[in-house]
1. Among residues other than A184 whose Cβ falls under 10 Å from its Cβ, what is the net charge (Lys/Arg +1, Asp/Glu -1)?
2. For the range 71-165, how big is the tail of P(r) above 15 Å, as a whole percent of Cα pairs?
3. Under the rule of at least 5 residues apart or a separate chain, name every residue whose amide H is placed under 5 Å from the amide H of V67.
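Taken together, the values in this text are just the output of simple stated rules run on the coordinates, not laboratory data. The structure presented is a predicted model; accordingly, all values stated were derived computationally and were not measured. Note: ideal-geometry Cβ built from the backbone for every residue, glycine included; neighbour counts use all protein chains shown.
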Amino acid sequence: MQYRPHMSQPARTQPSDAPDTSTPGARRAAAQRLKMRRELSAAAMELFATKGYEATTVDEIAAAAGVARRTFFRHFRSKEEAIFPDHDDTLVRAEAVLDAAPPHENPLDTVCRGIKEVMRMYAASPAVSVARYRLTREVPTLREAEIASVARYERLFTRYLLGHFDEGAHREGDDDPLLAEVAASAVVTAHNHVLRRWLRAGAQGDVESQLDHAFEIVRETFGAGIGAGRALTGEQPPAAVSREGEVLVAVARTDAPLDEVMRTIRKAIKDRR
């Protein structure tokens with residue numbers, strides 16, 4: 001799979017309710033919006049836990065949060081949306097990671113960094129995340145809403161990888177676009193597997209380390225193809241290894257990410273054994 005650097009990204013359509021953060025005033029408004037969404041979510045979660053999901057009404061959620069019914073509907077379209085208050089803002093942060101990626105970075109590494117914004121969202125409020133996880137396991141409607149939210153991240157990452165695919169290098173019979181889509185799905189699946197395991201354990205353990213391990217598996221499976229050709233023609237690849245007798249020689253650019261250099265060295269040592 002060949003990728004070209006500095007390639008312009010395909011046009012993206014933000015969610016209609018995504019916050020505008022282009023000015024200080026807009027950022028303040030976005031922060032206030034998120035605060036209200038979280039307050040409504042907290043009220044909804046408490047009512048769902050005490051009364052049950054089906055027995056709880058939107059009017060009750062609004063009253064518990066101290067706002068009018070119309071205020072609730074300015075922030076959420078339905079009561080099931082109220083338990084996912086942060087996904088819109090997290091999606092924007094994940095997209096910002098992709099947009100700011102350095103040109104030498106492997107696109108798959110960029111996507112792995114992007115989805116870490118989702119994990120950080122859950123890790124910021126462990127108790128709430130565990131309660132929400134248990135609730136979504138019990139209520140099919142909430143589970144469907146959660147799946148729809150996850151699908152938005154997968155579409156974002158697929159577009160990013162496909163946006164770096166060099167159509168000019170495509171040959172008949174190549175499966176490069178398929179590999180990009182499968183790789184994006186693998187990153188999301190690895191993230192969700194680690195997240196569910198962490199939530200089932202009561203949000204205990206080093207979830208960041210677990211996630212990095214899962215990403216290593218994804219990189220070993222897809223990384224050799226996803227990153228090929230990303231560097232400018234004639235440049236030294238980010239990291240390369242050669243062996244001379246019993247000496248292991250590693251060559252890397254000074255601007256290559258440290259984790260990429262270390263992965264190359266670890267893989268070479270593993271292959272040598």
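1. Values: positive: R155, R159; negative: E154, E181.
After counting each charged neighbour, the total is 0.
2. 64 percent
3. It is none; the list stays empty.
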